[in-house]
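The values are calculated or read from the model by the stated rules, or taken from the named source; none is laboratory data. Quick caveat, the model's predicted, so the values are computed rather than measured. Note that each Cβ is placed from the backbone with ideal geometry, even for glycine, and that neighbours are counted across all protein chains shown. Accessible surface is based on the protein model in full, side chains and every heavy atom, while ligands, DNA and RNA are left aside. Shrake-Rupley method; radii C 1.70, N 1.55, O 1.52, S 1.80 Å.
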Amino acid sequence: MYDFTLFIIGVVLPYIMMATFGIALGYNFFKFMFLPRPVMWAIFPAKKNLASIFITIGKRIFSLPGPRKFDKLIFTLAWMFHIGLIVSLSLHAKYIFMPHLPLEYEIGSAAGMFAAIGSFGFLIRRIYDKKTESYFSDYLALGLLIVTLLLGQYIRMFKLIDSIQVWSWIQGIITLNPVLPPADTLFLIHILFAQVYMMYLPFKTLIHPIAIFYGQKIILDQRHIRR
Amino acid sequence: MNLEKLFDEYRGLSDAKVRPQEPKVDRFLKAFREILSKENNWAFLLPLKLSLEACTHCGTCAEACPVYVGSGRQKIYSPLYRADLLRKIYKKHFTWSGKLFGRLVGAKEATEQDINALSEAAYRCTICRRCVLACPFGLDNGLIMREARKILAELGIVPDELKEEGVENQINFGSAPKIPYDALINILDFVKSEIEENRKNVNVEIPVDKVGAKYLIINNAGDYLSFLDTIRGIVEIMNYVNEDWTFNSPKTGVFDNVNYGLFYSDKDLLRVIKAHLETFKKLKPEYVVVGECGHSYDVLGHLIKDLIPPEERPFKVIHIVELYDKFLREGRLRLDKDKNPAPVTFHDSCKIGRCGGIYDEPRRVLAASCKDFREMFPNREYNYCCGGGGGFALMNKYNFPEFRMKTYGRLKMEQVKNTGASTLVTICANCKRQFLDTVSYYNSSINVSGLSEILANSLVY
Ligand code: SF4
Ligand code: SF4
């Protein structure tokens, strides 16, 4: 029975998750690509060519100028959360190539902490800040995220899992020769929640990168200035 | 006044307009469905759907919204709350997740009460688009409110000031305030005699309806009635540089640059654009110069290029401040700053700055013509709307002016006061109108002025 659970969560679900996420991402990207927008309604200063639009979008993703100017709390939380998450995910992605990295433990723990504090902050802000509107779907997303992050952090800090095992599990998925994941209940819950979150996200709201790409591009597209 | 409360304690639309007792849900949903289709929403479908679907309800946009901040941060005035009135209905009726999970995902069946509330809430946002700058995704809650107004307009829910007394008057009489030809000519004669009296030995010409002039200056007709100093300034400057120019009159069609369709309907927006084009066709100018007005610059300077093929608009469009700036850079204006010694500050109108990209030109003109030019803070793209945007400056019925003054007006007044300036300059007639109301509401001694009269006053003969 335990092996069957391992098989479903560690072997079947990753493919379902990747397919769901990928299809939702592609569907939304193309859906918005083909929606008409004959009217340009930029916010100035706007950009004159595609290259500077993309550079500006890239900068805005990291510098978050809106939150930085208007809401320092969400800026700090968003920054902590996203940097923490990006570093954490990069350390997960390294399993595609190698089982270990120098200073992985220290960097990963700090990143996980950052991401966890950020997401806890989001949760508290949603509960107490009257500027936000929150529905069950928002709390569910945050709940999944927080559980995933905390378990990941716990597993990493107490070194509960052998990284060679994780490496071979991920290699198996990528090479389409799946093997069972490490048989640890906490690890199993961690990867289950992470995958449910990834599948849930596109259905809760538009995936962030797509929203940022189109939203920022719309307001950065130069209007008809003669200069 | 005995109007039912629909959203907050204010009303901008009458019961006769909103018809709160009449069932509207089905018609509302039909109109909503239509604006979600490519055929019917040829203007803004992509940003609308994006803004409806991508919002994470983080509320970052709230602090950027002058209504929210000016109201003492009341939740019902946050951009998110207002936009969600429409977003919830969208989710419930037009997304499968909303249909399946309802309130769990923030979806809500449209009710008569919701539509009544939305009718008023859509007129609590000036569509100033400042909140767009705050949203990490660049989502546009102002656009959502504009599209909500569009749906409501299909149900006949539009303020008279914008539709009957705005668009319809303009198309039928040439200007929203219905200024007849003779009255316009009398006004211009008065302007001419005034300038000639003040500037001895100066011969003033005011060409009207001249065909083929280089510059056709089309003003906000409100300036002919309420801001004659601005008209006087324009006439004086154009005479000073001895340019080939003209105003126009009801005899050649529409002589009012406004287009209130921008605030509530793509159809009426286009009707007014077409009426403008008919007029320009008769007058054949090289340049259409948009007089001191913001939203008309948005339409004639920008939207027209998206909506009308180039062969149907064989002229260039510039804002009058760009023309002044050009004269200045060409060295055709001799100015004496000492003639404007009082401290002056400048208000960036949303449609000219944030949406229009004109920030530097008015600053160059003011720096050259005033001794003490001071920035207000925040400024440029971060400036607060005056509170007259989205048609608000015209909406004076019921207790709506009180809303304008107590939210936007209060915030704006504080911002202007902080500069210590005694003159507030803006290049939009609707902003001027709102400022005049605000200044009188708050018993302020600040002088509200257009740019043309300030520049004209500094001319050296
Ligand atoms: S467009 Fe302006 S008034 Fe409307 S919600 Fe945004 S900031 Fe507020
Ligand atoms: S800032 Fe953007 S995502 Fe956040 S609530 Fe406002 S519109 Fe929605």
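Just a yes or no: is a residue in the range B:43-57 under 15 Å from A:G215 (Cα atoms) and among the acidic types (D, E)? Scanning the range B:43-57, I find at least one residue that is under 15 Å from A:G215 (Cα atoms) and among the acidic types (D, E), so the answer is yes. Filtering the range B:344-386 down to residues that are assigned to a strand (DSSP E or B) and open to solvent by less than 30 Å² (accessible area, probe 1.4 Å), which residue is farthest from the other protein chains (Cβ to nearest Cβ)? My answer is B:V344. Does B:R82 meet the test of being within 13 Å of ligand 1 (Cβ to nearest atom), in contact (Cβ under 8 Å) with a residue 40 or more places away in the chain and basic (K, R)? So B:R82 passes the test. Among the residues of the range A:196-219, the ones that are at pLDDT 90 or above and away from ligand 2 (no atom under 16 Å from the Cβ) come to 5 in all. Residues in the range B:73-122 that are more than 11 Å from every other protein chain (Cβ to nearest Cβ) and among the polar types (S, T, N, Q): 4 in all.
Out of B:V235, B:V289, B:V211, which single residue is of a type in the set (A, V, I, L, M) and either open to solvent by 40 Å² or more (accessible area, probe 1.4 Å) or at pLDDT below 95 (or both)? Full working, then the answer.
Details: B:V235 fails: either open to solvent by 40 Å² or more (accessible area, probe 1.4 Å) or at pLDDT below 95 (or both); B:V289 fails: either open to solvent by 40 Å² or more (accessible area, probe 1.4 Å) or at pLDDT below 95 (or both).
That would be B:V211, the only listed residue that is of a type in the set (A, V, I, L, M) and either open to solvent by 40 Å² or more (accessible area, probe 1.4 Å) or at pLDDT below 95 (or both).
For the range B:128-141, the set of residues classified as near ligand 1 (Cβ under 9 Å from one of its atoms) and under 16 Å from B:L45 (Cβ atoms) consists of B:D140 only.
For the range A:33-147, the helices (runs of 4 or more DSSP H) that sit wholly inside it and include 1 or more residues that are within 16 Å of ligand 1 (Cβ to nearest atom) and at pLDDT 95 or above are A:65-70. Can you name the residue in the range B:13-50 that is within 14 Å of ligand 2 (Cβ to nearest atom) and under 22 Å from the mean Cα position of the chain (by Cα) and, of all such residues, is nearest to B:A107 (Cα to Cα)? This residue is B:L48.
For the range A:175-216, how many residues meet the condition of being open to solvent by 20 Å² or more (accessible area, probe 1.4 Å) and more than 8 Å from every other protein chain (Cβ to nearest Cβ)? Lay out the reasoning, then the answer.
We begin by selecting, within the range A:175-216, every residue open to solvent by 20 Å² or more (accessible area, probe 1.4 Å); these are A:175-180, A:183-186, A:189-190, A:192-194, A:196-201, A:203-204, A:208-209, A:212-213.
Next, only the ones that are more than 8 Å from every other protein chain (Cβ to nearest Cβ) stay: A:175-180, A:183-186, A:189-190, A:192-194, A:196-201, A:209, A:213.
Within the range A:175-216, residues that are open to solvent by 20 Å² or more (accessible area, probe 1.4 Å) and more than 8 Å from every other protein chain (Cβ to nearest Cβ) number 23.
Tally up the residues in the range B:124-157 that are of a type outside the set (V, I, T) and more than 20 Å from B:R354 (Cβ to Cβ), please.
Taking the range B:124-157 first, the residues of a type outside the set (V, I, T) are B:124-125, B:128-131, B:133-143, B:145-150, B:152-156.
Cutting the leftovers down to more than 20 Å from B:R354 (Cβ to Cβ) gives us B:148, B:150, B:152-156.
Counting residues in the range B:124-157 that are of a type outside the set (V, I, T) and more than 20 Å from B:R354 (Cβ to Cβ) gives 7.
Checked against (1) more than 14 Å from chain A (Cβ to nearest Cβ); (2) surrounded by 13 or more Cβ atoms within 10 Å (Cβ to Cβ), B:V317 passes all but a single condition, namely (1). With respect to the conditions (1) in the same structural domain as B:T252 (by TED's automatic domain parsing); (2) within 16 Å of ligand 2 (Cβ to nearest atom); (3) not hydroxyl-bearing (S, T, Y), B:I179 lacks only one, and its number is (2). Within the range B:103-123, can one find any residue that is touching a Gly at 6+ places or on another chain (Cβ under 6 Å), within 26 Å of A:H208 (Cβ to Cβ) and at pLDDT 95 or above? For the range B:103-123, residues touching a Gly at 6+ places or on another chain (Cβ under 6 Å), within 26 Å of A:H208 (Cβ to Cβ) and at pLDDT 95 or above: present. Can you confirm whether B:A153 is surrounded by 20 or more Cβ atoms within 10 Å (Cβ to Cβ), under 23 Å from B:L270 (Cα atoms) and in contact with a Phe, Trp or Tyr (Cβ under 9 Å, 6 or more places away or on another chain)? Judged against the criteria, B:A153 is a match. The set of residues in the range A:22-79 being surrounded by fewer than 17 Cβ atoms within 10 Å (Cβ to Cβ) and within 19 Å of the chain's Cα centre (by Cα) consists of A:G22, A:I23, A:L25, A:G26, A:Y27, A:F29, A:G58, A:K59, A:I61, A:F62, A:S63, A:T76.
If you go through the range A:99-148 and keep only what is touching a residue at least 60 places away in the same chain (Cβ under 8 Å) and away from ligand 2 (no atom under 16 Å from the Cβ), you end up with A:P99, A:H100, A:L140.
Restricting to helices (runs of 4 or more DSSP H) lying wholly in the range B:10-70: which have 1 or more residues that are within 14 Å of another protein chain (Cβ to nearest Cβ) and within 16 Å of ligand 1 (Cβ to nearest atom)? Give the derivation first.
Details: elements: B:15-18, B:25-35, B:45-53, B:66-70.
The qualifying helices (runs of 4 or more DSSP H) are B:45-53, B:66-70.
The sole residue among B:E322, B:E311 that is open to solvent by 40 Å² or more (accessible area, probe 1.4 Å) and at pLDDT 95 or above is B:E311. Residues in the range B:4-29 that are open to solvent by 40 Å² or more (accessible area, probe 1.4 Å), farther than 14 Å from B:G156 by Cα and either polar (S, T, N, Q) or in contact (Cβ under 8 Å) with a residue 12 or more places away in the chain (or both): B:E4, B:E9, B:Q21. Checking the stated criteria, B:R103 turns out not to satisfy the condition of being within 16 Å of ligand 2 (Cβ to nearest atom) and not aromatic (F, W, Y). Considered as a group, the residues in the range A:173-199 that are part of a helix (DSSP H, G or I) and over 21 Å from A:R156 (Cβ atoms) include one that is nearest to the chain's Cα centre (by Cα), and that residue is A:M199. All told, B:S444 falls short of being in a helix (DSSP H, G or I) and not assigned by TED's automatic domain parsing to the domain that holds B:Y77. Could you tell me whether any residue of the range B:140-151 is on the phi < 0 side of the Ramachandran plot, more than 14 Å from chain A (Cβ to nearest Cβ) and away from ligand 2 (no atom under 16 Å from the Cβ)? Yes, the range B:140-151 contains a residue that is on the phi < 0 side of the Ramachandran plot, more than 14 Å from chain A (Cβ to nearest Cβ) and away from ligand 2 (no atom under 16 Å from the Cβ).
Inside the range B:174-184, can you point out the residues that are assigned to a helix (DSSP H, G or I) and buried (at least 17 other Cβ atoms within 10 Å of the Cβ)? Result: B:L184, single match.
Please go through the range B:214-232 and give me each residue that is part of a loop (DSSP other than H, G, I, E, B) and crowded, with 16+ Cβ neighbours inside 10 Å, ordered by number. Even if it seems obvious, please write down each step before you answer.
To start, the set of residues in the range B:214-232 that are part of a loop (DSSP other than H, G, I, E, B) comprises B:214, B:219-221, B:227.
Within the range B:214-232, B:N219, B:N220, B:A221, B:F227 qualify.
Which one of these does B:E168 not meet: (1) away from every other protein chain (no Cβ under 14 Å); (2) open to solvent by less than 10 Å² (accessible area, probe 1.4 Å)? Among (1) away from every other protein chain (no Cβ under 14 Å); (2) open to solvent by less than 10 Å² (accessible area, probe 1.4 Å), B:E168 violates only (2). Of the helices (runs of 4 or more DSSP H) that lie entirely inside the range B:74-142, those containing 2 or more residues that are open to solvent by 20 Å² or more (accessible area, probe 1.4 Å) and assigned by TED's automatic domain parsing to the domain that holds B:L50 span B:79-94, B:96-101, B:112-121.
Quick grid of which residues meet (1) open to solvent by 30 Å² or more (accessible area, probe 1.4 Å); (2) out of contact with any Gly (no Cβ under 9 Å at 6 or more places or on another chain):
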residue: A:I127; (1), (2): yes, yes
residue: A:K131; (1), (2): no, no
residue: A:L144; (1), (2): no, yes
residue: A:V147; (1), (2): yes, yes
residue: A:M157; (1), (2): yes, no
residue: A:L160; (1), (2): yes, yes
residue: A:I164; (1), (2): yes, yes
residue: A:I173; (1), (2): no, no
